[in-house]
Structure formats: C-alpha cells, structure tokens
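The values are calculated or read from the model by the stated rules, or taken from the named source; none is laboratory data. What you see is a predicted model, and the numbers here were worked out from it, not measured in a lab. Here the Cβ positions follow ideal geometry from the backbone for every residue, glycine too, while neighbour counts run over all protein chains shown.
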Amino acid sequence: MEMAKYILQIFSHYLQIVWSWGFNTPVAIPNGLKFHVNGYIHKGWVEVVYDEGYDTFTIRTLDPEGNVKKEVSDVYIDGLVEVIDGMVERCANYKELVRKQYGLIG
C-alpha cells in the first residue's frame, strides 16, 4: 500500500501527462500500483512494480485477460512517467492525433 501511494505521489507531479493516458481505477498491488488507461498506444491495465533490490521499477501493459503484452524493466524513478507515456500514449504521430481528436488547427 505504501508503494502505491508513493507512485501516485510521483504521478501527482506530472498530472497533465498522467491525465492524457486516461488514467483511472488505481489499485494497490504488492509493491506497486495497477491502473487502467485509455491511451493511443495501449488501452487497458498497466502495472508498476518496485524492485527493492535494484531500486528500479518494472512496468507492464496487460491484455484483457491479464497477460503481459509489453514489459520494461530497470526503470529509474526519474524516467518512470516518461517510460509509461511511451508505452501508453506517446506515438510517432501524437501531435497529429491530438489535433484531430480535439479539432485543433495548426
């Protein structure tokens, strides 16, 4: 539970990015946090698990059955939000998709 709170605290410093994922339904899991997203790249569950031995995080995207679709290990705290963003939301044509979705010109 403490690690889930800690991860949420980290996210609170990057709310604009976290909200862009469609972040919702956070659930404390052993040594981490699981939450649902609705991003351009991934729609579904994401798990963030802390590895005390290495002082890093492992991030997993899950399919609807709970199977791991993609996993990135050895993520340091300062790269946590950036790595999740790359797994969930930030794609090659990100700016174009945002403009189209929200009817922006330019």
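Overview of results
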read-out	value
Matching residues, segment 17-43, being out of contact with any helix residue (DSSP H, G or I) (no Cβ under 7 Å at 6 or more places or on another chain) and within 17 Å of VAL83 (Cβ to Cβ)	SER20, PHE23, LYS34, PHE35
Odd one out for TYR40, checked against (1) at pLDDT 95 or above; (2) surrounded by 14 or more Cβ atoms within 10 Å (Cβ to Cβ); (3) closer than 21 Å to TYR14 by Cα	(1)
The one condition in (1) out of contact with any His (no Cβ under 9 Å at 6 or more places or on another chain); (2) over 24 Å from MET1 (Cα atoms) that VAL83 fails to fulfil	(2)
Failed item, numbered, when VAL72 is tested on (1) closer than 16 Å to ALA4 by Cβ; (2) assigned to a strand (DSSP E or B)	(1)
Residue among VAL48, VAL27, VAL81 that alone is part of a strand (DSSP E or B), over 19 Å from LEU97 (Cβ atoms) and in contact (Cβ under 8 Å) with a residue 40 or more places away in the chain	VAL48
Top-ranked residue of segment 56-98 - restricted to ones that are within 18 Å of PRO30 (Cα to Cα) and of a type in the set (Asp, Glu), ranked as surrounded by the fewest Cβ atoms within 10 Å (Cβ to Cβ)	ASP74
Exclusive hit being touching a helix residue (DSSP H, G or I) at 6+ places or on another chain (Cβ under 7 Å), at pLDDT 95 or above and among the aliphatic types (A, V, I, L, M), set LEU8, LEU80	LEU80
